[in-house]
Amino acid sequence: MQHADPVILAPMEGLVDPPMRDILTRIGGIDRCVSEFIRVTDTALNLATVERFIPEMHQGWKTAAGVEVRPQLLGSDPHWLAVNAAQLASWGAPAVDLNFGCPAKTVNRHGGGASLLREPEVLARILAAVRAATPAEIPVTAKMRLGYSDTSLTLDCAHALAESGATEIAVHARTKMEGYKPPAHWEWIARIREAVAVPVIANGEVWTLEDYRRIRELSGCSAVMIGRGLVVRPDLAQQIRRHHAGATPGPMSWEQLQPWLADFFVQTRARMVDRHSPGRIKQWLSLLTRSYPQAQALFDELRRETSPDPISLRLLDTSTAA
């Protein structure tokens with residue numbers, strides 16, 4: 001069920017992948033997800049590529065918990081983005097999201113992501129082309145930052161997206177050059193929301209229930225997109241939902257989290273070669289240290305482990321004990 005104040009799981013390359021989406025949406029409180037970006041160059045995507053990024057397409061574009069997953073495209077060529085958006089729609093995608101916010105150097109060096117925020121007219125051409133190629137009932141959405149190096153073109157970019165057909169705009173309240181350094185400038189989201197006639201989603205630096213309250217207060221947005229905050233505090237969306245219901249939002253304990261860690265690693269091993277799977281659980285444990293002191297001890301224990309089998313046994317033992 002989509003709530004009036006939706007919590008949206010943000011797209012984050014190499015972090016919020018299908019296993020992470022599955023775990024976090026089953027823990028609960030998330031209304032919808034946006035996939036990791038799928039890069040578009042000068043060709044049509046094949047089905048296998050989309051399946052790799054979004055296996056949920058074969059279950060109605062929803063996670064096992066029934067939460068919608070929207071595909072995100074990244075590129076700079078209006079024609080090929082339009083071709084691929086139309087293809088996604090023909091495969092049943094519930095919406096198409098466009099990435100104008102990725103701060104990665106490799107992406108920006110090739111004219112994608114946040115680098116496009118220096119050219120509002122290009123944003124307009126891309127959005128218009130994708131909107132024209134996609135059935136009217138399929139939402140075309142966009143994710144942007146406040147700019148590349150400053151905010152001089154922020155409102156121009158937002159206007160370009162809204163006036164060219166964006167159904168809604170998610171705004172990460174930092175520039176590309178600021179990356180993920182705090183603070184996020186939530187007051188800027190309010191300025192964008194007041195300037196455009198389409199819904200705006202607030203994003204950036206939401207780690208706690210209090211952060212959630214504050215970003216809504218300062219931005220005026222009812223919808224909030226959360227990325228690393230949900231990975232670090234996997235029940236944050238559930239806490240938010242309890243808060244809206246008037247219940248006391250107690251946090252998930254470390255012991256309660258153990259079966260989810262084990263499940264995540266089982267799914268991760270099924271998706272990648274063995275030599276790469278240990279890195280994913282270490283990555284999550286490293287991030288979890290921000291909310292769970294116990295995660296540091298487990299991370300230290302597994303830090304030098306390169307074989308997945310001992311990690312599986314260790315996580316299974318911990319999960320069983322929990």
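Only residues that are without any contact (Cβ under 8 Å) to a residue 40 or more places away in the chain, of a type in the set (D, E, K, R) and not in a helix (DSSP H, G or I) were counted across the stretch 202-259, and they come to 1. For the condition free of Cβ contacts under 8 Å to residues at least 60 places away in the same chain, in the same structural domain as residue 208 (by TED's automatic domain parsing) and in contact with a strand residue (DSSP E or B) (Cβ under 9 Å, 6 or more places away or on another chain), residue 30 does not qualify.
Please find, within the stretch 209-251, the residue that is nearest to the chain's Cα centre (by Cα) out of those that are crowded, with 21+ Cβ neighbours inside 10 Å and over 22 Å from residue 285 (Cβ atoms). That would be 225. If I filter the stretch 251-261 down to residues being out of contact with any Asp or Glu (no Cβ under 9 Å at 6 or more places or on another chain) and of a type outside the set (Ser, Thr, Tyr), which single residue comes out as nearest to residue 291 (Cα to Cα)? The extreme case among them is 254. In the stretch 89-131, what residues are crowded, with 20+ Cβ neighbours inside 10 Å, more than 23 Å from residue 163 (Cβ to Cβ) and either at pLDDT 95 or above or touching a Lys or Arg at 6+ places or on another chain (Cβ under 7 Å) (or both)? Within the stretch 89-131, 93 is the sole residue that qualifies. Residues that are hydroxyl-bearing (Ser, Thr, Tyr) and part of a helix (DSSP H, G or I) were ranked within the stretch 1-58; the one that is farthest from residue 233 (Cα to Cα) is 49. Scanning the stretch 47-66 for residues that are aliphatic (A, V, I, L, M) and out of contact with any Asp or Glu (no Cβ under 7 Å at 6 or more places or on another chain), we see that the one that is farthest from residue 110 (Cα to Cα) is 65. Cβ separations smaller than 6 Å between residues 6+ apart or across chains give the following pairs from the stretch 278-299 residues that are assigned to a loop (DSSP other than H, G, I, E, B) to residues that are surrounded by 22 or more Cβ atoms within 10 Å (Cβ to Cβ) and at pLDDT 95 or above: 291/233. Any residue in the stretch 211-222 that is at pLDDT 95 or above, in the same structural domain as residue 145 (by TED's automatic domain parsing), acidic (Asp, Glu) and over 25 Å from residue 111 (Cα atoms)? Yes, the conditions are met somewhere in the stretch 211-222. Here residue 136 does not qualify as closer than 22 Å to residue 96 by Cα and surrounded by 17 or more Cβ atoms within 10 Å (Cβ to Cβ).
Residues in the stretch 133-151 that are assigned to a strand (DSSP E or B) and polar (S, T, N, Q): 141 only.
The values are calculated or read from the model by the stated rules, or taken from the named source; none is laboratory data. What you are looking at is a predicted structure, and each value in this text was computed from that prediction instead of being measured. No Cβ is skipped: glycine too gets one built from the backbone with ideal geometry, and neighbour counts run over all protein chains shown.
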